[in-house]
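Engineer: Have a look at the structure that comes next, please.
The values are calculated or read from the model by the stated rules, or taken from the named source; none is laboratory data. Everything numeric here is computed off the predicted structure, so don't read it as measured data. Cβ placement follows ideal geometry from the backbone for every residue including glycine, while neighbour counts extend to all protein chains displayed. Just so you know, the surface numbers come from the protein's heavy atoms only, side chains and all, with ligands and any DNA or RNA stripped out. Shrake-Rupley method; radii C 1.70, N 1.55, O 1.52, S 1.80 Å.
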Amino acid sequence: VQLQAFGGGLVQAGGSLRLSCTASGRTFSRYAVGWFRQASGKEREFVAAISWGVASTRYADSVKGRFTISRDSGKNTVYLQMNSLKPEDTAVYYCARGRTGYGSREYAHYDYWGQGTLVTVSS
C-alpha cells in the first residue's frame, strides 16, 4: 500500500487549504484513515481520524471546529479541509491508514504512511 498526501502550501493566517490522501495498491476500504502533523523540532501529533463504516470522526482539540476530515470511497481519497488556519498549524502533514476500521488517536495504530505535505501558515 502506498499513500500519497498532497495539497499543502503557503497560506496566510485565516486562510484555508484542503489536503488529500490517496492510496494505491489497496484501497482504504474497511480501514480508518488518520491525519497527523509534525512541526519542526516537535513530535508527530494526531490531527484527525475517520473510521470505516459509520465514518465517525475525531479531532485534536487544537483543530476542532476548524478542520474537517472526510472520505470519498469511490475515489479512494480522504480529505482534510483546514479553515481559519493559524501560524501554529505550520507543519508537515501525514496521512496514514489504520490497522483496523477504528479511527484512533494513537500513532501506533496506523501501519501505512504517506510521505507528508508541508503546510506553512504565515502571520
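Engineer: Can you report the number of residues in region 32-60 which are touching a strand residue (DSSP E or B) at 6+ places or on another chain (Cβ under 7 Å), in contact (Cβ under 8 Å) with a residue 24 or more places away in the chain and hydroxyl-bearing (Ser, Thr, Tyr)?
Structural biologist: Selection size over region 32-60: 1.
Engineer: Restricting to region 51-92, what's the tally of residues that are assigned to a strand (DSSP E or B) and under 19 Å from residue 11 (Cβ atoms)?
Structural biologist: So the count comes out to 9.
Engineer: Among the candidates 3, 10, which residue alone is out of contact with any Asp or Glu (no Cβ under 8 Å at 6 or more places or on another chain), part of a strand (DSSP E or B) and modelled with pLDDT under 95?
Structural biologist: One residue alone meets the criteria, 3.
Engineer: Taking the condition part of a strand (DSSP E or B) and either within 17 Å of residue 121 (Cα to Cα) or in contact (Cβ under 8 Å) with a residue 12 or more places away in the chain (or both), does residue 29 pass?
Structural biologist: Here the answer is no, as residue 29 does not meet what is asked.
Engineer: Still on this structure, I have one more. Would you confirm, using the coordinates I've provided, whether residue 107 is over 11 Å from residue 33 (Cβ atoms), aromatic (Phe, Trp, Tyr) and open to solvent by less than 40 Å² (accessible area, probe 1.4 Å)?
Structural biologist: no
Engineer: Would region 54-68 turn up any residue that is closer than 21 Å to residue 27 by Cβ, at pLDDT 95 or above and open to solvent by less than 10 Å² (accessible area, probe 1.4 Å)?
Structural biologist: no
Engineer: Considering only residues of region 69-96 that are among the charged types (D, E, K, R) and open to solvent by 10 Å² or more (accessible area, probe 1.4 Å), which is nearest to residue 46 (Cα to Cα)?
Structural biologist: Among them, the one singled out is 88.
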